[in-house]
Amino acid sequence: MRKLKLFLAVCLMTAALTACSGNTSSQTDTSSSAGETTEDTVTLKLVFQGDADSAELKKVQEAMNAVTVPAINAKVELTRISHGTFNDQLNLILSSGEEVDLVNLRQLNTITLTSNGTIRPLTQLLQEYGKETYEAISESDWECCYIDGEIMVVPSNKDKAFQMCILMDKAICDELDIPYGTNATLDEIRDYLVRVKEAYPDMYPLVTEAGGSLHNHLGNDELGDNFGVIVDIYNDDLVVENLFTSDLFINLCQQMWDWAQEGLIMPDGASNTDTANSLMAAGKAFARINTRKPGYENERSVQIGKEVVSLSFMEPFTMTDAVSTTYGWAIPYSSKHPEKAMQLLNMLYTNPELANIMCNGVENEHWVYTDENKTNIKYPDGKTSANVGYGRVTYVQPNQQITIPWDGDPVDIWDQMDEFNRTAHASPAKGFVYDNSNVLNEVTACMNVKNKYWNGLLCGSMDPSVAIPEMNTELEANGIDRLIAEKQRQLDEWAAGRDQ
């Protein structure tokens, strides 16, 4: 792997020297002499998460085109898909072979998309058309993006670490003397939820995100799919274990069951179809659990329409999944213009004006500066997240860290984000990318089992003393031991190669 990285670095340097020597074969405008024709402007189709009215989306496209056409002779056509249906709809788009040029994968399995030929390798494209992007990303992050010796995704420049927290209604916290902006244990958080239930019996103390699990990360290294994990990331031993028989999993499920019996979790959490944000905005919920990052509370306050605060119950930690399998950008094989797509991605990663338009929308339409210093932006007067027509979803952007900080964020928010990423505890297996192609049947079978129990157990709606033994019996019958053994074999090989 190190030899491959060295080769890539040399290729990038060679490409730069070639460009400086006057070789302009990759330029879009070839009309420098009589008889030559200018290349037709292409339209690049982008798919990423978020809500937008069609008229407002058109304004954003036009503003982006004003930047991209002069630079790379390409226009954009944006498709935004809402949070709740994104994975399913993007899967349908990619599996159908629909022509798209640049997609944010959110949490789709990169290995699967690579093995079935859905997304294309990016190593050569980065060498020729994305040099600045390649140089802006650390080697340790790139190591998380290789599959079979090729870079398959460009990681979004966002929070690349996980820190679990409970997000709460600030007004209620102040009223009931509930602390925030610090750390707490889950037992302490339970006591605060009891306090809310007593004061607001008609409000859900804790809600789920559209039927999802309350806890999307448990503090272990998931190694791609949770079928074989490193339970203790603070130990350097690369031992793959069964998460579902671990004390970590069993104790957390029991804790959620106990909370649910006390009425602290919405009773239909595993089947809830509402977003947590909408429930909090409507005053039906006090809190939700999610991952936090610098500026997270302000970001959610804008989305929810009321001030929210948080208590962390886990220190920041990072692993491969935090870098490459959450909101990475890919170029599908269905793209007819992969070179242009990489040029566009490179611009979105390095051009502040273009990045800010895609992230926040058009000035005076979707945002205005907060003051004459032009250090922060906000919604125009009379506009909110509910009626602005172009929703901000910062973490799906190729590089949110070159956009203008939002109102309420400190001017140094991106420096804080860099510090958050840099100081997060790294799993000893960071950089390992698991290839499940040898065990796809077992993965599918075990995933079906997991899907029967995961949300229910971690939303407190299944009795763990009954459900966990049943779950493990079914997992064992469907091959989880083989999955663990295969993952351990690959991890050992990766570690041996890394140490050479």
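The values are calculated or read from the model by the stated rules, or taken from the named source; none is laboratory data. Everything numeric in this text was worked out from a predicted model, so none of it was measured. Cβ atoms come from the backbone with ideal geometry, glycine included; neighbour counts cover every protein chain shown. Side chains included, ligands, DNA and RNA excluded: accessible areas come from the protein's heavy atoms. Shrake-Rupley method; radii C 1.70, N 1.55, O 1.52, S 1.80 Å.
Tell me, in nm to one decimal, what length is gained between residue 370 and residue 41 on full extension, where the rule is 0.36 nm per residue of separation less the Cα-Cα distance?
Length gained between residue 370 and residue 41: 114.8 nm.
Only helical DSSP H runs with n ≥ 4 go in: add -39500 (n - 2.57) per run for the chain, normalise by residue count and round the 222 nm mean residue ellipticity to 500 deg cm²/dmol.
-13000 deg cm²/dmol
With label points built 7 Å along Cα→Cβ from the Cα atoms of residue 138 and residue 187, find their separation and express it in nm.
The answer from the label model is 3.5 nm.
At 1.4 Å probe size, with no ligands or nucleic acids counted, give the accessible surface of residue 75 in Å², nearest ten.
100
Sticking with the crude label model, points 7 Å out along Cα→Cβ, report the distance from residue 415 to residue 82 in nm, one decimal please.
Roughly 4.1 nm, to one decimal.
Kindly work out what percent of the DSSP beta bridges joining two residues of the chain are antiparallel, to the nearest 5.
50
Just subtract the alpha-carbon distance of residue 150 and residue 282 from 0.36 nm times their residue separation and send over the number in nm, one decimal.
That pair, residue 150 and residue 282, stretches by 42.9 nm at full extension.
Note the listed values (1) 0.95; (2) 1.41; (3) 0.97, then indicate which one is Rg/Rh (Cα atoms, Kirkwood Rh) calculated from this particular structure.
(3)
Over the heavy atoms of residue 291, what accessible area does a 1.4 Å probe trace out, to the nearest 10 Å²?
30
Return one number: the angle in degrees, 0 to 90 and rounded to the nearest 10, between the long axis of the Cα atoms of helix 86-96 and the longest principal axis of the Cα atoms of the chain.
With both axes taken from Cα atoms, the answer is about 50 degrees.
Would you kindly derive the ³J(HN,Hα) couplings of the range 260-272 from the backbone phi angles with the Karplus curve 6.51 cos²θ - 1.76 cosθ + 1.60 (θ = phi - 60°), listing them in order in whole Hz, with x for Gly and Pro?
Karplus-based 3J(HN,Hα) across the range 260-272 equals 5, 5, 7, x, 8, 10, 3, x, 9, x, 6, 10, 4 Hz.
Considering amide H positions built from the backbone, and no H for Pro or chain starts, which residues 5 or more places from residue 44, or on another chain, come under 5 Å of its amide H?
Residues meeting the criterion, in which the H sits 1.01 Å from N, are 75, 76, 77.
If you find the alpha carbon centre of the range 429-460 and of the range 207-250, how far apart are they in angstrom?
Each part's Cα centre sits 11 Å from the other's.
What is the set of long-range amide H partners of residue 399 at a cut-off below 5 Å, with H atoms built 1.01 Å from backbone N?
Long-range HN contacts for residue 399: 157.
Please list 357, 250 from largest to smallest accessible area, probe radius 1.4 Å, with all protein chains kept in place.
Result, largest first: 250, 357.
Can you compute 3J(HN,Hα) from phi for each residue in the range 202-214, using the Karplus curve 6.51 cos²θ - 1.76 cosθ + 1.60 with θ = phi - 60°, rounded to whole Hz and x for Gly and Pro?
Coupling constants for the range 202-214: 8, 10, 6, x, 9, 10, 9, 9, 6, x, x, 5, 4 Hz.
Can you compute the charge dipole magnitude of the chain about its Cα centre, using +1 on each Lys and Arg Cβ and -1 on each Asp and Glu Cβ, nothing else charged? Give it in debye, rounded to the nearest 20.
Dipole of the chain, to the nearest 20 debye: 840 debye.
For the range 150-225, just the Cα atoms, rotate onto the principal axes and tell me the three extents in Å, largest first.
56, 26, 20
Report P(r) for the range 203-311: all Cα-Cα distances, bin width 5 Å, range 0 to the bin holding the largest distance, values in whole percent.
Computed distribution, short to long bins: 2, 11, 18, 19, 17, 15, 11, 5, 2, 0.
How far apart, in nanometres, would the label points at residue 306 and residue 246 be if each is projected 7 angstrom from Cα along the Cα-to-Cβ direction?
3.6
Mind jotting down the distance between the C-alpha centroids of the range 407-428 and the range 82-112, whole Å?
28
Rounded to the nearest Å, what's the spacing between the alpha carbon centres of the range 139-155 and the range 294-350? Just the number, please.
Each part reduced to its Cα centre gives a spacing of 16 Å.
Could you pull out the pairs from 131/336; 430/487; 75/374; 45/487; 293/336; 58/383 whose alpha carbons sit more than 25 Å apart here?
Beyond 25 Å: 75/374; 45/487; 293/336.
Over the residues of the range 163-207, compute the C-alpha Rg and express it relative to 2.2 N^0.38 Å.
Output field value: 1.08.
How large is the translational diffusion coefficient of the range 451-500 in µm² per second when you combine the Kirkwood radius over alpha carbon pairs with Stokes-Einstein at 25 °C and 0.890 mPa s?
190
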